[in-house]
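This report concerns only the one structure given below.
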Amino acid sequence: GGFSPRRGQNMNKGANEINMKRRLQRLCSCALLCALLLAALPLPAAAASTGFSDVPATHWAADEIRRAGELGLFQGDSRGRFGLGNSMTRGAFAVVLCRLFGWEMETPETGSYTDNQDTSAWYYSAVETAYAHGAVTDQTDAFRPNDAITREEVAVMLVRAMGYGTIAGLTQELDQPFTDVSTNVGYITMAYELGVISGTSDTTFSPDKTATREQAAVMLMRVYDKYFQASLERTGIVSSAEGLTDLTGYTTVAVAAQRMIYAGGTKLITTMEDEAVSAVRSAAKAAGAVQLLYVSGTGTALKDSAGSTASLLADAVKAGGYDGLFLDVAQLGMKQMRSFTTLVEALHKDLGDKLLYVMVEAPAWSGQPYDGYDYAALAQAADKLVARLAPYVQEVEGFPVAPQEPLEEVYYALAELKEQVGGEKLSLLLTTTGSLWTGGKEAGTLTAAQIQELRQSLFTEEYYSGRYACAYLTDASEEELRVAWYLDGTAVAQRARMAAFFGVEELCFSDLSSMAAYEDYDLLEGLN
């Protein structure tokens, strides 16, 4: 038996070859698997999740940096690095500011600053463009493009870029949130109230501290989300079926069908004919809008007991098959606050799962303030508080300045109300009618149709006030100067942006039946 040594050697050789092949197969399989894994998960992992190799997915600003990169605001260096932790220069911030606002680049032959004269410099056009749009000023001769930008400078440039410089100048008169801010107080206060910047502690801002690239990215994305992406729901009040067209796009429609009065007890009187009510409700149903019964009144209607009045209103809502109530009791004083609050609390109970909207007179920076509204208590009981701003009237060298819901008043009112009730509970009322002034005196309210007629007049000049974000017409064809103030599409968009900064999710239009008369001047053209 046995086998020859030669044969044994051959068998060992064959076994070794088989084992070698198996090892090679395993190595090839491992290599292939690694290649597949590497293809599925390219390295470094930070670059895969944030777009930049030096920004880990776990970094506090990772999401904002990723989004800013996707929008093209920031570009990495040749190695794909973001520059995490590096200071942002003033020149670089001017560049990203231009990208954010999409400004057409300006390249004048001569720069506006002594140190911005090289037209081939990478920051030259950005600095000049920021200057042309008011984001920076010529208060100093030098721009210092290569200096690290401070947190204060970021706040100022952002506020000015949004066109809020005038409001910021007024804001310096208000209480400020930080104890270490002594210059540009209004700008920093406004940037903080709008949620664009944060403090370094509860009471400090550290204005002279340089801003890093990631801090700049976060602040820019906060502006992007509110200023450019504001998407607010639309509610409208309808007092007439005349001129009413398609209500598509409105989530809620309030039908002004009844008024609340006191005549030995609270009573409801009809303010819209049944046929008109039916037409309005049909249009609202076709648009898929929630339908509210809008009931207006004055303080005298609060004389009856809250329980009795609430029961009357709740019964009217249920009898009409409405989805809820929109209650508007105007211009209440301090003595009526408790009665109104008690009524709203009773309505909350009686309406059950139906909606409750409550109109309130907003805090006023200028104009007539009304203190009969306990905002916090009302917000607890109501689904939405609709803020109505006080009329704003000034005279400048004989010219009547009476903008509808001026932007500075919108800012003040929402800043005050957000502190008390939160933005998600608020809706901002916008006036769809205009005000006419003749010889410096108020001459009445203009319907949308009348505004349109004036706009088309050969004797009328049309203007837009950037200070108040409001349109106005002047007519010098008569012996006395006529001026009409009203909101246009640009003005509505500006108010929507401001509201979005405060977390407001809804705009309320005062008269939907007049909207169609604007024709080519669509009030909603600037809304998403």
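Just so you know, all these numbers are worked out from the coordinates, no wet-lab data involved. Values in this document were obtained by computation on a predicted structure and should not be read as measured data. Using ideal geometry, Cβ is built from the backbone for each residue, glycine included, and neighbour counts are taken over all protein chains shown.
Some observations on this one:
- Under 5 Å between amide hydrogens, built in the peptide plane, is the criterion, and for Val136 it picks out Tyr131 among residues at least 5 positions away or on other chains.
- The GluC sites (Glu not before Pro) of the stretch 144-225 that DSSP puts in a loop, and whose beta carbon has at most 14 other beta carbons within 10 Å, are Glu173.
- Only beta bridges with both residues in the chain are counted; by DSSP, about 45 percent of them are antiparallel.
- Cross-link pairs exceeding 28 Å between alpha carbons, from the set Lys267/Lys441; Lys226/Lys441; Lys335/Lys425; Lys226/Lys335; Lys267/Lys418: Lys267/Lys441; Lys226/Lys441; Lys226/Lys335; Lys267/Lys418.
- For Ser240, neighbours were defined as the other residues whose beta-carbon sits under 11 Å from its Cβ, and their charges (Lys and Arg +1, Asp and Glu -1) total -3.
- For Gln336, the shell of other residues with beta-carbons less than 15 Å away shows a net charge of -3, using +1 for Lys and Arg and -1 for Asp and Glu.
- Reachable aspartates and glutamates, given that their alpha-carbon falls under 14 Å from the alpha-carbon of Lys318 and they are not under 8 places away in the same chain: Asp350, Asp353
- Coil-residue GluC sites (Glu not before Pro) of the stretch 385-449, DSSP, other Cβ within 10 Å capped at 11: Glu397
- When only alpha carbons are used to place a centre, the stretch 370-387 and the stretch 164-225 end up 29 Å from one another.
- In the stretch 135-197, the C-alpha radius of gyration followed by the widest Cα-Cα span (Dmax) gives 11.7, 34 angstrom.
- The residue list Ser231, Trp60, Thr129 was ranked by how far each Cα lies along the charge dipole of the chain toward its positive end, using unit charges on Cβ atoms, and Trp60 comes out on top.
- Amide H contacts of Leu430 (H built 1.01 Å from N, under 5 Å, at least 5 apart or other chain): Cys508, Phe509, Ser510
- Cut-off under 5 Å, modelled amide H: who pairs with Ser457 long-range: none
- Debye log10 I(q)/I(0) at q = 0.10 Å⁻¹ for the stretch 258-417, Cα point scatterers: -0.42
- The phi-based Karplus calculation (6.51 cos²θ - 1.76 cosθ + 1.60; θ = phi - 60°) puts the 3J(HN,Hα) values of the stretch 49-60 at 9, 10, x, 9, 5, 9, 10, x, 5, 8, 5, 4 Hz, whole numbers, x for Gly and Pro.
- For the chain, with +1 on Lys and Arg beta carbons and -1 on Asp and Glu, the positive-most of Thr490, Tyr472, Met105 along the dipole: Met105
- Between Asn146 and Ala286, the modelled label-to-label distance comes to 6.7 nm, taking each label 7 Å out from Cα in the direction of the beta carbon.
- Working from Cα pairs under 8 Å separated by at least six residues, relative contact order for the chain is 10 percent.
- Calculated FRET value between Ser308 and Ala132, using beta carbons and R₀ = 60 Å, to 0.05: 0.45
- Filtered GluC sites (Glu not before Pro), the stretch 53-150: DSSP coil and at most 11 other beta carbons within 10 Å: Glu104, Glu109
- Charge dipole (Cα centre; +1 on Lys/Arg Cβ, -1 on Asp/Glu Cβ; no other charges) of the chain amounts to roughly 3940 debye.
- Correct choice for Cα extents along the principal axes in Å that was computed from the model, options (1) 127, 74, 49; (2) 96, 53, 43; (3) 143, 54, 40: (1)
- Approximating the spin labels as points 7 Å out from Cα along Cα→Cβ, the Glu461-to-Ala476 distance works out to 0.5 nm.
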